[in-house]
Amino acid sequence: MAGAVQWIAESVHEILQAPGLTLQTFVIFCLAFLLTCTLLRRSQNLPPYPAGRVPVLGHLLALGRAPHLKLTAWRRQYGDVFTVRMGMEDVVVLNGYTAVKDALVDRSELFASRPRIYMLDSIAGDGKDMVAARWGPGFRQRKRFATIALKNLGMKVGRGSIEDNIREEANCLRSRVAEYEGQPFDFAHDVTVTVANVICSMVFGKRYDYEDETFQELSKAVTAVVTELAAGQIISVFPALRFVPGVNRAGTDLLQHVSKIHQVMWEEISRRREHLHRENPRDFLDFCLLEIDQQDKVEGLTEENVMYMAMNLFLAGTETTGNTLLWALLYLTQNPAIQHKVHEELDAVVGASLPTLSHRSRLPYVNACLLETMRIRTLVPLAIPHSTTQDVKVQKFDIPKGTQRVELEVGGAQSDEAEKAEVVKQTAVEEGGRPPALHEVGRQDKQLLEKIKEAVHIQLEGAKLNRNDGWELYMSYLPLLRKEVGRRVCLGEQLARMELFLFFSCLLQSFTFNTPEGAPPPNTDGILGITWTPNPYQLCATPR
């Protein structure tokens with residue numbers, strides 16, 4: 001390294017000794033050279049830059065505190081594919097159903113890797129997990145192994161499903177809410193415990209009580225990690241700032257909270273090692289530790305990999321599902337007429353028994369409310385960035401191999417009004433059914449819904465949605481309701497959908513939720529971090 005620096009210094013010195021060449025001339029020459037390289041690079045048919053880029057910072061100032069809104073505005077001006085400059089790095093942004101589906105489904109392997117992002121890598125062991133891992137044999141083997149293990153543990157619909165465990169937790173949550181006797185309470189902690197207990201039973205083989213001190217500390221650490229990840233994005237853009245006192249507070253705090261989570265994960269792994277069931281694995285840790293000993297399906301799997309994988313499942317399996325339930329109840333308190341329709345449907349179909357997944361196909365309005373919640377409050381509006389594994393063309397633009405950050409603006413894909421009809425038509429073609437004619441898509445009647453249900457092979461949750469009661473809600477969420485998630489599909493997607501339906505229907509079957517008397521309407525703007533979290537709010541649950 002020292003020799004290279006000396007060589008560069010000597011070369012510059014020799015250049016400056018050339019007749020008639022001054023330092024000013026040399027600087028001008030260098031600037032002209034850099035400008036030429038930049039212009040040549042932009043001539044490669046790369047996606048355009050929006051206005052507002054400044055030296056060093058790029059578009060950071062233009063993005064502001066609500067980057068998803070700015071990206072949506074830029075989409076209207078620059079189209080579905082453009083480039084945002086984040087500090088000194090280019091980020092290609094894909095918007096809209098067509099562009100996102102092209103990347104995640106049609107050519108998913110080309111976009112399947114992950115870029116190096118300091119803050120994300122700091123909690124993911126630099127790719128030793130599944131969420132931030134770079135694309136390659138190691139990731140594919142871990143993903144395949146984890147998928148099979150979770151299915152064996154009940155993450156599926158039908159025989160051997162974890163449905164009974166979810167219903168037990170739903171019943172515990174119902175009892176917990178009843179203890180408040182209609183008085184105002186903050187629902188966030190109870191929801192977090194309930195959702196976490198489902199994933200904990202699968203991963204660790206245990207559940208937590210609502211007042212468990214260990215879980216309360218763990219829950220605070222999880223919330224803090226999500227908050228600090230968002231607050232520390234400037235460090236991911238400029239990693240050198242992690243060495244600057246004061247500026248690096250978010251990064252320092254993040255590592256402290258991650259350390260607490262790691263401690264709990266390692267304690268669970270040690271406990272499982274002492275009581276490992278080799279003949280009949282009971283939970284995810286059992287399956288993983290047996291694989292470490294056998295090295296049968298995942299080459300080179302280590303306990304460190306297992307720790308990070310378990311943390312992935314815990315974080316992802318708690319934060320998103322819990323927040324979706326909180327958003328759903330928040331909106332229902334502001335829309336009593338809709339809540340009344342949910343009550344009527346549950347009373348007519350479920351009655352006094354505890355809801356089951358078999359009821360789902362007969363509760364279209366319940367499902368419509370959940371889908372609408374996910375549409376208007378996309379939990380992760382900016383998906384975790386991807387990176388390209390080879391040169392690829394998206395629409396009319398070239399994206400070179402190794403492009404370190406391809407950002408997917410998921411919220412835009414979920415609310416594309418103009419593309420909904422074409423989505424249904426194309427999906428039906430893919431599934432081999434008869435595509436509905438475009439003029440038919442405008443007819444929101446039972447006959448059309450039955451045709452789409454048959455052609456698309458999707459459970460349409462009852463086959464009869466009234467004009468204003470669910471059709472538009474269902475159509476709005478269709479782009480991301482099925483397979484349009486590619487090689488990086490969330491492992492717990494099916495589990496989350498089971499939980500959301502059972503927890504939501506159980507709560508609404510038993511209670512009427514209202515804003516406390518005299519309290520102002522809750523803030524529905526939310527807090528945009530890695531996930532979109534509701535502002536803290538209280539509600540009252542009146543037994544029905």
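The values are calculated or read from the model by the stated rules, or taken from the named source; none is laboratory data. What you are looking at is a predicted structure, and each value in this text was computed from that prediction instead of being measured. Here Cβ is always computed from backbone atoms with ideal geometry, including for glycine, and neighbour counts include all displayed protein chains.
Quick one: is Ala124 buried (at least 19 other Cβ atoms within 10 Å of the Cβ) and touching a Gly at 6+ places or on another chain (Cβ under 8 Å)?
no
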Matching residues in region 306-339 - criterion: being among the aromatic types (Phe, Trp, Tyr), under 27 Å from Ala541 (Cβ atoms) and buried (at least 23 other Cβ atoms within 10 Å of the Cβ): none
For residues in region 499-544 being assigned to a strand (DSSP E or B) and of a type in the set (Ser, Thr, Tyr), which is farthest from the chain's Cα centre (by Cα)? Thr542
Under 8 Å between Cβ atoms, which residue pairs at least 6 apart in sequence (or on different chains) link something in region 519-536 that is over 17 Å from Thr321 (Cβ atoms) and modelled with pLDDT of 85 or more with a partner that is among the acidic types (Asp, Glu) and crowded, with 17+ Cβ neighbours inside 10 Å? none
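Quick check on region 99-116: of everything there that is out of contact with any strand residue (DSSP E or B) (no Cβ under 8 Å at 6 or more places or on another chain) and surrounded by fewer than 21 Cβ atoms within 10 Å (Cβ to Cβ), which residue is farthest from Ala230 (Cα to Cα)?
Looking at residues that are out of contact with any strand residue (DSSP E or B) (no Cβ under 8 Å at 6 or more places or on another chain) and surrounded by fewer than 21 Cβ atoms within 10 Å (Cβ to Cβ), I get Asp106.
Looking only at residues that are aliphatic (A, V, I, L, M) and part of a helix (DSSP H, G or I) in region 156-172, which one is farthest from Cys540 (Cα to Cα)? Full working, then the answer.
Of the residues in region 156-172, the ones aliphatic (A, V, I, L, M) are 157, 162, 166, 170.
Imposing the further condition that a residue be part of a helix (DSSP H, G or I) reduces the set to 166, 170.
Numbers: Ile166: 24, Ala170: 18 Å.
Per the stated criteria, the residue is Ile166.
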Within region 382-401, the residues that are without any contact (Cβ under 8 Å) to a residue 40 or more places away in the chain and in a loop (DSSP other than H, G, I, E, B) are Ala383, Asp391, Lys401
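Residues are listed down the side, and each one gets a yes or a no for (1) closer than 19 Å to Phe215 by Cβ; (2) outside any helix (DSSP H, G or I):
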{"position": "Arg134", "(1), (2)": "no, yes"}
{"position": "Arg174", "(1), (2)": "no, no"}
{"position": "Val177", "(1), (2)": "yes, no"}
{"position": "Gln183", "(1), (2)": "no, yes"}
{"position": "Val193", "(1), (2)": "yes, no"}
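Let's see how each residue does on (1) modelled with pLDDT of 85 or more; (2) over 30 Å from Lys393 (Cα atoms); (3) assigned to a loop (DSSP other than H, G, I, E, B):
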| residue | (1), (2), (3) |
| --- | --- |
| Cys30 | no, yes, no |
| Phe33 | no, no, no |
| Arg41 | no, no, no |
| Ala51 | yes, no, yes |
| Leu69 | no, no, no |
| Val100 | no, no, no |
Yes/no for Glu291 being under 27 Å from Asp126 (Cβ atoms) and in contact (Cβ under 8 Å) with a residue 60 or more places away in the chain: yes
For region 270-284, how many residues meet the condition of being closer than 18 Å to Ser201 by Cβ and either in contact with a Gly (Cβ under 7 Å, 6 or more places away or on another chain) or surrounded by fewer than 20 Cβ atoms within 10 Å (Cβ to Cβ) (or both)? 7
Evaluate the following for Leu21: is it at pLDDT below 85, over 31 Å from the mean Cα position of the chain (by Cα) and surrounded by 11 or more Cβ atoms within 10 Å (Cβ to Cβ)? yes
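Answer with yes or no whether Leu290 is in contact with a Pro (Cβ under 9 Å, 6 or more places away or on another chain), assigned to a helix (DSSP H, G or I) and surrounded by 21 or more Cβ atoms within 10 Å (Cβ to Cβ). Give the steps one after another, and end with the answer.
Working: in contact with a Pro (Cβ under 9 Å, 6 or more places away or on another chain): yes; assigned to a helix (DSSP H, G or I): yes; surrounded by 21 or more Cβ atoms within 10 Å (Cβ to Cβ): no.
In short, no.
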Just for region 108-153: of the residues that are modelled with pLDDT under 90 and of a type in the set (Val, Ile, Thr), which one is nearest to Ala250 (Cα to Cα)? Ile123
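Can you tell me which residue among Val84, Val91, Val100 is in contact with a helix residue (DSSP H, G or I) (Cβ under 6 Å, 6 or more places away or on another chain) and in contact (Cβ under 8 Å) with a residue 24 or more places away in the chain? Let's see the steps before the verdict.
Numbers: Val84 fails: in contact with a helix residue (DSSP H, G or I) (Cβ under 6 Å, 6 or more places away or on another chain); Val91 fails: in contact with a helix residue (DSSP H, G or I) (Cβ under 6 Å, 6 or more places away or on another chain).
Answer to the check: Val100.
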Residues within region 314-330 that are at pLDDT below 90 and not polar (S, T, N, Q), tallied: 5
Return the residue satisfying two criteria in turn: it lies in region 192-249 and is farther than 25 Å from Ala66 by Cα and among the polar types (S, T, N, Q), and of such residues it is surrounded by the fewest Cβ atoms within 10 Å (Cβ to Cβ). Thr214
Looking at region 158-172, I want the residues that are of a type in the set (Ser, Thr, Tyr) and surrounded by 15 or more Cβ atoms within 10 Å (Cβ to Cβ) and have a partner that is modelled with pLDDT under 95 and not in a helix (DSSP H, G or I) with Cβ atoms under 6 Å, at least 6 apart or on another chain. Which pairs are those? Ser161/Gly154
Among the candidates Leu354, Leu301, Leu379, Leu325, which residue alone is assigned to a helix (DSSP H, G or I) and out of contact with any Gly (no Cβ under 7 Å at 6 or more places or on another chain)? Leu325
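Tell me, which residue of region 485-498 that is part of a helix (DSSP H, G or I) and of a type in the set (A, V, I, L, M, F, W, C) is farthest from the chain's Cα centre (by Cα)? Can you show your working first?
First, the residues of region 485-498 that are part of a helix (DSSP H, G or I): 486-488, 493-498.
Checking which are of a type in the set (A, V, I, L, M, F, W, C) leaves us with 495-496, 498.
Details: Leu495: 14, Ala496: 12, Met498: 17 Å.
By that ranking, first place goes to Met498.
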For region 340-365, pairs from a residue that is at positive phi to a residue that is not in a loop (DSSP other than H, G, I, E, B), with Cβ under 9 Å and 6 or more apart or across chains, are Gly351/Gln509
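Give the residues of region 53-67 that are part of a helix (DSSP H, G or I) and either modelled with pLDDT under 55 or of a type in the set (A, V, I, L, M, F, W, C) (or both), sorted by residue number. Explain how you work it out, then say what you get.
Keep residues of region 53-67 that are part of a helix (DSSP H, G or I), which gives 60-63, 67.
Those that are part of a helix (DSSP H, G or I) and either modelled with pLDDT under 55 or of a type in the set (A, V, I, L, M, F, W, C) (or both): Leu60, Leu61, Ala62, Leu63.
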Residues of region 76-98 classified as of a type in the set (Lys, Arg) and either in contact with a Gly (Cβ under 6 Å, 6 or more places away or on another chain) or under 15 Å from Ile399 (Cα atoms) (or both), total: 1
